[in-house]
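Data first, discussion second: the structure below is written as structure tokens.
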Protein chains: 2
Amino acid sequence: MRIAFVGDSLTVGVGDPHYLGWVGRLCAASSLAGLALTAYNLGVRSETSTHIKNRIGRELPPRLLPRDEARVVLSFGVNDAKVENGRRKVELSQSVDNLFDIVTQVSKLSPVLMVGPPPVLDDGHRSRVEELSDVFSRTCEDMGVPYLEMCRALGRDTAYLDSLVAAGDGYHPEAAGYAAMAGKVAEWEAWQAWMRGC
Amino acid sequence: MRIAFVGDSLTVGVGDPHYLGWVGRLCAASSLAGLALTAYNLGVRSETSTHIKNRIGRELPPRLLPRDEARVVLSFGVNDAKVENGRRKVELSQSVDNLFDIVTQVSKLSPVLMVGPPPVLDDGHRSRVEELSDVFSRTCEDMGVPYLEMCRALGRDTAYLDSLVAAGDGYHPEAAGYAAMAGKVAEWEAWQAWMRGC
């Protein structure tokens, strides 16, 4: 099975000195359970849903060939909800339109899951990520895409929050935080259902 | 510094249950030495130089932004030299033309290094990889791109060969083989020069 993970710097695993991030840890845990996954990490630093919408239609086809079982995991939103120079990087309604467009594109190629954006340390930014996560959750539900809420779940997770503080930018965790995030996805019924099909 | 690693399944790290491959191990070793690298793994399974030539001009620009220091490491060739149904997947002269085209495209964006294709177990295939590696080495020299010969170097490396046997397909190693490959790149003067500039 080939799985592409599509997202931003948190998908890349920026800040993890082991260069695994949550994606590498999740796949390694699945591999230890005897599964054969090829993982493509298509996270790109600082990207919003608008950037992702514009590249994903080109980047998935070479990686997800019709002859192989294919899956896509989406994960973005923290950059959409960021305010820079007094302006939100992507307005809420535009983020939703982008998610709709991305899911529509990806669904033509493979089944899709979405892992919601994790919390950040800044209170204002975090509230906007929570709001966006709620809207993403409803959009995914409407489109029949399983959605894993992460902002509130990891906002109660001491390992994740300590890791955000330790990493220093208030935005990316280091190894322990990525391990906490991988653990939540590994326990998720929708992910486990995919793994049973491997 | 942002580094994109462009290649095939060996660049992805297929066969490594830890989901690091040589790219992850190389970056983690550099990170432990106190460097801040963002690594983009743009390896795709089963790709030849022809596939890579056709996608790389689209995939690098979103990852290598003008505001950041950017670097690209190329590594491919094993699939070019494969014979399927009595035909070589990419003729030698076409592989060289592809490499020339890829280096020309990438050089407009960033400095380039090339890590040559590693050995495989099949004798006929391995001879063709060695021949291709020699031709790639000369092409890179002509273009001013540092080239790291891997096919002969790892062909004398017991850890790599044992790892190829252990993995079972005669083509991809498992963890120990990828560690051996990462070690050779980490010791390479051209790589070390980049890391000193970080």
For this session: Over all directions, average the projected area of the Cα convex hull of segment A:108-172 and note it in nm².
Result: 5.0 nm²
For this session: Work out how far the C-alpha atoms of the protein assembly as shown reach from end to end along every principal axis, then list the three figures in whole Å, largest first.
Result: 59, 44, 33
Exercise. Between copies, how far does the label point of residue B:187 sit from its twins, in nm, shortest first, when each point is 7 Å from Cα along Cα→Cβ?
Worked result: 4.5
Exercise. If all Cα-Cα distances of segment A:37-94 are sorted into 5 Å bins from 0 onward, what percent lands in each bin, rounded to whole numbers?
Worked result: 4, 15, 26, 19, 15, 10, 7, 4, 1, 0
Exercise. Rounded to the nearest 100 Å², what is the sum over both chains of accessible area buried where B meets A, with a probe of 1.4 Å?
Worked result: 2300 Å²
Seminar exercise, completed: Cα-Cα pairs in segment A:5-51 separated by more than 11 Å, as a whole percent of all pairs, come to 66 percent
For this session: Using R₀ = 45 Å, calculate the FRET efficiency as 1/(1 + (r/R₀)^6) where r is the Cβ-Cβ separation of residue A:156 and residue B:100; round to 0.05.
Result: 0.25
Exercise. At residue B:121, label 7 Å along Cα→Cβ: distances to the other copies, nm, ascending?
Worked result: 5.0
For this session: Kindly provide the pair-distance distribution of segment B:2-196 built from C-alpha pairs, with 5 Å bins from 0 and whole-percent values in order of increasing distance.
Result: 1, 8, 17, 22, 22, 17, 9, 3, 1, 0
Seminar exercise, completed: Among trypsin sites (Lys or Arg not before Pro) in segment B:135-198, those in a DSSP loop whose Cβ has at most 15 other Cβ atoms within 10 Å are B:156
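Scan chain B and hand back the longest stretch that contains none of the GluC sites (Glu not before Pro) lying in DSSP loops with at most 11 other Cβ atoms within 10 Å. Mind dumping the intermediate values first?
Details: sites that count: B:91, B:187.
My reading of the result: B:92-186 is the longest stretch.
Grab the Cα-Cα distance for residue A:121 and residue A:138, subtract it from 0.36 nm times how many residues apart they are, and report the gain in nm with one decimal.
Working: separation 17, 0.36 × 17 = 6.12 nm, distance 2.45 nm.
Extra length available between residue A:121 and residue A:138 comes to 3.7 nm.
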Exercise. Mind listing which trypsin sites (Lys or Arg not before Pro) in segment A:61-98 are in a DSSP loop and have 15 or fewer other Cβ atoms within 10 Å?
Worked result: A:67
Problem set entry | Pseudo-label separations to other copies for residue B:168 - Cα-to-Cβ vector, 7 Å, nm | 4.4
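Would you mind getting the accessible area per residue of segment B:65-150, heavy atoms of the protein chains only, 1.4 Å probe, in Å²? Please report the intermediate quantities before stating the final value.
Working: 3920 Å² over 86 residues.
Value for segment B:65-150: 46 Å² per residue.
The values are calculated or read from the model by the stated rules, or taken from the named source; none is laboratory data. Being a predicted model, the structure only gives us computed values, none of them experimental. Ideal geometry is used to build each Cβ from the backbone, glycine not excepted, and the neighbour counts take in all protein chains shown. Side chains included, ligands, DNA and RNA excluded: accessible areas come from the protein's heavy atoms. Shrake-Rupley method; radii C 1.70, N 1.55, O 1.52, S 1.80 Å.
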